[in-house]
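J.: My structure is below; once you've seen it, I'll send some questions.
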Amino acid sequence: MSSVIPVAPVPLTKEQAEAMLHHQIKKHHVAIILVHWFNAMTWILEVSTGAALISSRYFRVAPDWYIAMFNGLLGGRANLLQFHIALGVTWILVFLPYGLFGFRTYLRGEMLKVTDRDDMRWLIIRTLQILGKSDEPLPPQGIYNAGQKAFSMVVWMMTPVVMVTGVTMAFRLGSPWVVGWAVVLHFLAVGMIVAGLVVHVYMGAIFPEEKPAFFSMITGTVNELFAYNHHFKWWREMKVAHLAWEQKRTPKDKGVGSDEPEGEPAEKPATDSPG
Ligand code: HEM
């Protein structure tokens, strides 16, 4: 791409597309990748053991054989409960600092920006596309698309509910009425996240178009062509920042004697995601 940065996606030449395909740009910090996969593992274990712990016949989601299998694996219901609580408490302790420090840069900085018109249109057009009722191109998106942001908001709003109600139940903090409501709220909050997770895991791990996004959660990078096609606004922000950086460099910075190598600076992710 030349120094003329398009304001909207334009068709690329074969050479441009090829060059962009081979150029990786940074999307996720290693700390975020570790937190995300720790969170994913924790959710898999907590949801599978939690489903086996539900005794109320009104809320039961798992068949008898499933409950018997988990009770057998951990040597009885008491052990199963202890495992579920110990892992839940570990998860809270790991997440608390992340929630407190990540809030400003991540949630407020990126995720709560769904209000923009392109995001709203993206949600409508994507839904119509899935229903086979539209072939309109999707509006340009930032570092995360509107669907990812909507899911993240559910996660950020429901995670504290899951944590507080979990601790209330585990340590019987309050009257039977309070603990009773904690059970219901815990179930509902987990249900909302799990509903979003079905789509999230499908889009992240199975949907072919999103494969580079999946690998970015392992390597931390995506190819520039994917960023251009799926996250144009983010791609443009990076190009504008890069151009400004290039223009600010004095001839001395670029000249002989400078330790800094010529060429592109390491691209900095705008913000990053919780797991
Ligand atoms: C096996 C399970 C999971 C897979 C395969 C998976 C996959 C991914 C991928 C590929 C991304 C990167 C998206 C991008 O960079 O564009 C991502 C981001 C993210 N994941 Fe997961 N994830 C899983 C579990 C979870 C769980 C359990 C949660 C939370 C309850 C979660 C919350 C998030 C959030 C908030 C983001 C950032 C924004 C977003 O893409 O929605 N993920 N995940």
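Only the coordinates and a few stated rules stand behind these numbers; no lab work does. From a predicted model like this one, the values you see are computed outputs, not experimental measurements. Backbone-built Cβ (ideal geometry, glycine too); neighbour counts: all protein chains shown.
J.: Taking the Cβ of each residue in E46, E18, E237 as the centre, tally the other Cβ atoms inside 10 Å and list the residues starting with the fewest.
T.: The most exposed by this proxy come first: E18, E237, E46.
J.: What percentages, rounded to whole numbers, describe P(r) for the stretch 14-244 computed over all alpha carbon pairs with 10 Å bin width beginning at zero?
T.: Per 10 Å bin, starting at 0, the Cα pair percentages come out as 7, 26, 31, 21, 12, 4, 0.
J.: OK, next. Grab the beta carbon distance between I218 and D116, set R0 = 30 Å, and tell me the FRET efficiency rounded to 0.05.
T.: Given R0 = 30 Å and the Cβ-Cβ separation, E is 0.55.
J.: Mean separation of Cα pairs under 8 Å and 6+ residues apart, divided by the residue count of the stretch 14-244: what relative contact order is that in percent?
T.: 29
J.: While we're on this one: So what does the Cα-only Debye profile of the stretch 185-254 read at q = 0.12, 0.16, 0.23, 0.25 Å⁻¹, as log10 I(q)/I(0), no solvent term?
T.: Cα-only, vacuum Debye calculation for the stretch 185-254: -0.54, -0.75, -0.99, -1.04.
J.: Modelling each spin label as a point 7 Å along the Cα-to-Cβ direction, I'd like the I44/W177 distance in nm, to one decimal.
T.: 4.2
J.: Using the Karplus curve 6.51 cos²θ - 1.76 cosθ + 1.60 with θ = phi - 60°, what ³J(HN,Hα) values do you get for each residue of the stretch 124-129, in whole Hz, with x for Gly and Pro?
T.: 5, 5, 4, 4, 5, 4
J.: What is the gain in length, in nm to one decimal, between H23 and I130 on full extension, counting 0.36 nm per residue of separation less the C-alpha to C-alpha distance?
T.: 35.5 nm
J.: Right, something else. Give me Rg over Rh for the stretch 1-90, both radii from the alpha carbons and Rh done the Kirkwood way, two decimal places. Can you show the working numbers first?
T.: Values: Rg = 24.0 Å, Rh = 17.5 Å.
We get a ratio of 1.37 for the stretch 1-90.
J.: Sort Y58, Y202 so the one with the fewest other Cβ atoms within 10 Å of its own Cβ comes first. Working shown, then result.
T.: On the way: Y58 7, Y202 11.
Going from sparsest to densest Cβ surroundings: Y58, Y202.
J.: What's the exposure ranking of I25, I130, I54, going from fewest to most Cβ atoms within 10 Å?
T.: I130, I54, I25
J.: Each residue of the stretch 214-223 in turn: what ³J(HN,Hα) in whole Hz from Karplus with 6.51, -1.76, 1.60 and θ = phi - 60°, glycine and Pro shown as x?
T.: Working through the residues one at a time gives 4, 5, 5, 7, 10, 8, x, 10, 10, 6 Hz.
J.: Evaluate the distance, in nm, between pseudo-label points positioned 7 Å from the Cα of A195 and of E209 along their respective Cα→Cβ axes.
T.: Each label point is offset 7 Å from its Cα along the Cβ direction, giving 2.4 nm.
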